[in-house]
Amino acid sequence: MKALTLFGILVAGAISIGVLYSGDSQPALKDVFKEQFMIGAALNDAVVSGKDVNAAEIVTKHCNTITAENVMKWALIHPEPNQYDFAAADRFVEFGVKHKMFIVGHTLVWHAQIPDAAFTDNAGKLLNREAMLVRLKDHISTVVGRYKGRVKGWDVVNEALTDEGEFRDTKWRQTIGDDFVAKAFEYAHQADPDAELYYNDFSLEKPAKRDAVVRLVKDLKAKGLRIDGVGIQGHWGMDYPTRENFDAFVDAVAALGVKVMVTELDLDILPSVSDYQGADVSMRAELQKKLNPFPDSLPDSMQQVHANRYAELFSMLVSQSKNINRVTFWGVYDKTSWLNNWPVPGRTSYPLLFDRNYQAKPAFDAIVKVVQK
Ligand code: 9MR
């Protein structure tokens, strides 16, 4: 009898572990952080098209939200003024619908990854305000309209501010003026009244930029426009942001009654280029080595340093979770991260939770422990 009871306990234990760990030893991040925030990743076309099956498996197991890494940007979805190309964006949206994920569209208005021709007439002359507004409205109503009801949130405007808190000098500003931001939000809401609308930027934890984004959100609200959230990208490093700056940013945004999302999280462990600025050109080979110190693999000791910093960042995010509704990683695994090619091309970078062979890294266990403690 005793033996049977013990057996029963063991079986029940195994079943509950099985449920928690969904079939293998690794818990799904979307379950681990269920009480805190959604977990997402930015996807490239290989993931959704079936070319990168292992990456797709990671995403379907761990994520309940996805963002388009590139395929919805102007240059890709609207390559010529009179030509749209929806093939890749359609695949991305179908993937999200199939797996019942919260789909985020990125991004409607940005100064990068947009052809010059988007801002000019046939003769190559910069459009005036009226003509550019027509073009902006056409773009937004076409793209948002196509995915209405399926894409649940849009990064309407990306990176319109400088680190000093000014409007960045872009062709958007030169053609339309500073209210290009307000106009984009207005048109996006018209195109899908149910979609959530976000402003997205990096370094928002810096006080001058934080204050600028607060002004921006207040201004949009004062104009009666819908804005649901501010995305802080989260391309973070070993010593930034400070918890103090991050908390101040989250508190300031939450006080405006809008959500905070960490939209492009990765954690760079490679040396910063600015540490070597001004280095002698004759030392180029030497410099290459210094900037790319782990071309083959990351030593265990560094893995641990990276994992500890990830844990620190997640304890910061978890403690603010009542104001943060989504944490999205910028990529799925190290091999395809943008950081392999920025700010220096051809480095071997280690910013994500999964390594080049799709295996969970120490950083994965470290962030899980933050909530299991
Ligand atoms: O990850 C994207 C990379 O594949 C592109 O080459 C790059 C082009 O600028 O854009 C990257 O994504 C950016 C995102 O859209 C906005 N925030 C910064 C991201 C990293 O550059």
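Computed from the coordinates by the stated procedures, all read-outs in this text should not be read as laboratory data. Values in this document were obtained by computation on a predicted structure and should not be read as measured data. Here the Cβ is made from the backbone with ideal geometry for all residues, glycine too, and neighbour counts use every protein chain on show.
With respect to the cross-link table entries K206/K335; K152/K369; K73/K289; K259/K361; K221/K259; K148/K259, which display a Cα-Cα separation exceeding 23 Å? Can you show the working numbers first?
On the way: K206/K335 30 Å; K152/K369 30 Å; K73/K289 34 Å; K259/K361 30 Å; K221/K259 14 Å; K148/K259 21 Å.
With Cα atoms farther than 23 Å apart: K206/K335; K152/K369; K73/K289; K259/K361.
I want to verify a result. In a Gaussian network model of the chain, Cα cutoff 10 Å, which of these has the top mean-square fluctuation: P241, P295, P207? Between P241, P295, P207, it is P295 that shows the largest mean-square fluctuation.
Placing a label point 7 Å from the Cα of L287 along the Cα-to-Cβ direction, the residues of region 328-362 whose backbone N falls under 18 Å from that point are 341-348. Computed over region 196-271, the P(r) tail beyond 21 angstrom holds 24 percent of alpha carbon pairs. Spread over its residues, the convex hull of the C-alpha atoms of region 197-331 is 129 Å³ per residue. Can you give the translational diffusion coefficient of the chain in µm²/s, computed by Stokes-Einstein from the Kirkwood radius over Cα pairs at 10 °C and 1.306 mPa s? My calculation gives 72 µm²/s for D.
Which lysines does K125 reach when only Cα atoms under 20 Å apart count, and residues fewer than 8 places away in its own chain are ignored? Output for K125: K137, K171. For W154, nonlocal amide neighbours, meaning residues 5 or more places apart or on other chains whose placed amide H falls under 5 Å from its own, are G105, E196, L197, Y198. Using the Cα gyration tensor of region 65-145, with a ≥ b ≥ c the square roots of its eigenvalues, what is the shape: rounded (a/c below 1.5), prolate (a/b larger than b/c) or oblate (neither)? The shape class here is prolate.
P(r) tail for region 120-164, what percent of Cα pairs lie past 16 Å?
Percent of Cα pairs beyond 16 Å in region 120-164: 57.
Diffusion coefficient (Stokes-Einstein, Kirkwood radius over C-alpha pairs, 25 °C, 0.890 mPa s) for region 81-211: 156 µm²/s, rounded to a whole number.
Straightening the chain between E164 and D90 buys 22.9 nm, computed as 0.36 nm per residue apart minus the Cα-Cα spacing.
With both partners inside region 27-173, how many of the DSSP beta bridges are antiparallel, as a percent to the nearest 5? Before the final figure, lay out the partial values.
On the way: 3 of 15 bridges.
Bridges in region 27-173 are about 20 percent antiparallel.
Its residues counted as N, region 101-178 yields a C-alpha radius of gyration over 2.2 N^0.38 Å of 1.20.
For region 263-373, the normalised intensity computed at q = 0.21 Å⁻¹ comes to -1.16 (log10 of I(q)/I(0), Debye sum over alpha carbons, equal scatterers, no solvent). Using R0 = 45 Å, the C-beta based FRET efficiency linking S272 and R215 works out to 0.90.
Rounded to the nearest angstrom and ordered from largest down, what semi-axes does the equivalent ellipsoid of region 32-79 get from its C-alpha gyration tensor (root of 5λ)? Numbers along the way, then the final one.
Working: eigenvalues 109, 45, 4 Å².
Ellipsoid semi-axes (Å, largest first): 23, 15, 5.
Summary value for region 122-199: 48 percent relative contact order, contacts being C-alpha pairs under 8 angstrom separated by 6+ residues. One chain, two ends: V371 and A248. Fully extended at 0.36 nm per residue, the span grows by 42.0 nm beyond their Cα-Cα distance.
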